[in-house]
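One structure is given here, and the rest of the page talks about it.
The values are calculated or read from the model by the stated rules, or taken from the named source; none is laboratory data. Note that the coordinates shown come from a computational prediction; the quantities given were computed from them, not determined experimentally. Cβ placement follows ideal geometry from the backbone for every residue including glycine, while neighbour counts extend to all protein chains displayed.
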């Protein structure tokens, strides 16, 4: 079973910092990017955000630099049109604005006809409202893509998704929770703090029940 969203559009992807972090956290980012038929871009604003993570010992800026040198990722800059879109997303009340990285990603995607890869519900909601024609995807869409699944294989896919959840703290949109839980299983799902608390509690109960059943059967 795959994610409900399919990556059938040939438009390039442009990823927010959270998506970059999640893909890096899988441990298989190169295999994933090579499996995708789409170009993969990052706005320089996001690159600078990741640079600041070095202070906390995060390796994402260095990994991104390597991916750029290997031509798996391209760094782009906002132009005049995308700058105007950017302003729409960062100026105003906090409830109706985004951080610079998210805003720059969405602005570039909207102006260039690309697919924005974002994981935050607020960013998804605002971008859909302001740019109804914008293509929006998320990290789970990439991980559940048929070519990525084929390239990684079942065992590595489970590991990749679990690492994205636990190391990258990947957010999972409601429509993708079932796919993720079915893939990694209840025991792993119960360990993933980035999954909704109610989901983790249910999966923990299922996991404990499985242990009891195995014990009783033995």
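Brief remarks on what is shown
- Search result, residues across the range 80-108 that are assigned to a loop (DSSP other than H, G, I, E, B) and out of contact with any helix residue (DSSP H, G or I) (no Cβ under 7 Å at 6 or more places or on another chain): 91, 92, 93, 99
- The single condition from (1) buried (at least 18 other Cβ atoms within 10 Å of the Cβ); (2) farther than 23 Å from residue 24 by Cβ that residue 84 fails is (1).
- Only one entry in 169, 149 is in a helix (DSSP H, G or I) and within 23 Å of residue 27 (Cα to Cα), namely 149.
- Extreme residue, modelled with the highest pLDDT, among residues of the range 126-146 that are assigned to a helix (DSSP H, G or I) and surrounded by fewer than 20 Cβ atoms within 10 Å (Cβ to Cβ): 146
- Flag for residue 162 being crowded, with 18+ Cβ neighbours inside 10 Å and under 15 Å from the mean Cα position of the chain (by Cα): yes
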